[in-house]
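Peer 1: Sending over a structure as structure tokens; questions will come in a sec.
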Amino acid sequence: RALRMAKVPVVNSQGIRPRMKLGFGPACPTGIESEAEYFDVFCHGDVLPQDYVESLNRWLPDGMMIVDFDTLPWKSPAINSALIANTYAVRAENISSADLHRLVEEFTMSDRALVRVMRKKKPKILDAKNHIVDAAVVGSTVHIKLGFAQGGSLKIRESIAVLLGMDAAETAKIR
């Protein structure tokens, strides 16, 4: 609705019920709050996004705003294929800062971190080292950067279990 109200010249699909051509980045897992989202808007002509940002922000719901933008060539990859990782901030209330540092260091120094996961009701063994791109303790929070991988990916709660243990995975607050 905000795109229409701001009069952004969005390309529509063909057919009986034309829809705006938009592309959205991967959704957050249920119960996880996001601080930023990415999306593609396909527009007619040579559009300068800065001409529409102020108007768009005026029509967006409270607490939501466009903070940055970029113009891409028409044949650029979709946002889902262009993103390579998500970063999560995890608060594990019951683990001391010293233990957080030790656990992340142990993971970082290990050669492999095999984890058994269920995918499509079948067990699968993944090496968490192939999926957790980075892990660092910042204050009382662990920042976990999870890469998108072909052939299966690790969920954030599975990553927390590998790094901090099952109890932490069940009670952690994630952003």
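The values are calculated or read from the model by the stated rules, or taken from the named source; none is laboratory data. Computed from a predicted structure; not experimentally measured. Backbone-built Cβ (ideal geometry, glycine too); neighbour counts: all protein chains shown. For accessibility, only protein heavy atoms count, side chains too; no ligands or nucleic acids. Shrake-Rupley method; radii C 1.70, N 1.55, O 1.52, S 1.80 Å.
Peer 1: Contact list please: Cβ distance under 6 Å, first residue in segment 70-86 and of a type in the set (V, I, T), second residue surrounded by 12 or more Cβ atoms within 10 Å (Cβ to Cβ), pairs at least six apart or on different chains.
Peer 2: These pairs meet every condition: I79/G23; I79/G25; I79/Y38; I79/D40.
Peer 1: Also, I was wondering about something else. May I ask you to list the residues in segment 159-172 that are surrounded by fewer than 19 Cβ atoms within 10 Å (Cβ to Cβ) and part of a helix (DSSP H, G or I)?
Peer 2: The answer is M166, D167, E170, T171.
Peer 1: If you go through segment 5-54, how many residues are of a type in the set (K, R) and touching a residue at least 12 places away in the same chain (Cβ under 8 Å)?
Peer 2: Here the count works out to 2.
Peer 1: Here is a follow-up. Got at least one residue in segment 115-135 being open to solvent by 30 Å² or more (accessible area, probe 1.4 Å), closer than 22 Å to F24 by Cα and without any contact (Cβ under 8 Å) to a residue 12 or more places away in the chain?
Peer 2: no
Peer 1: Ok, one more. State yes or no: is A36 over 30 Å from K145 (Cα atoms) and either under 20 Å from the mean Cα position of the chain (by Cα) or open to solvent by less than 70 Å² (accessible area, probe 1.4 Å) (or both)?
Peer 2: no
Peer 1: Limited to segment 155-175, what total is found for residues that are aliphatic (A, V, I, L, M) and within 13 Å of the chain's Cα centre (by Cα)?
Peer 2: Count: 2.
Peer 1: Basic (K, R) and under 18 Å from the mean Cα position of the chain (by Cα), is that true of K124?
Peer 2: Answer is no for this residue.
Peer 1: Could you grab me the full set of residues in segment 73-83 that are surrounded by 12 or more Cβ atoms within 10 Å (Cβ to Cβ) and at pLDDT 80 or above?
Peer 2: S76, I79, L83
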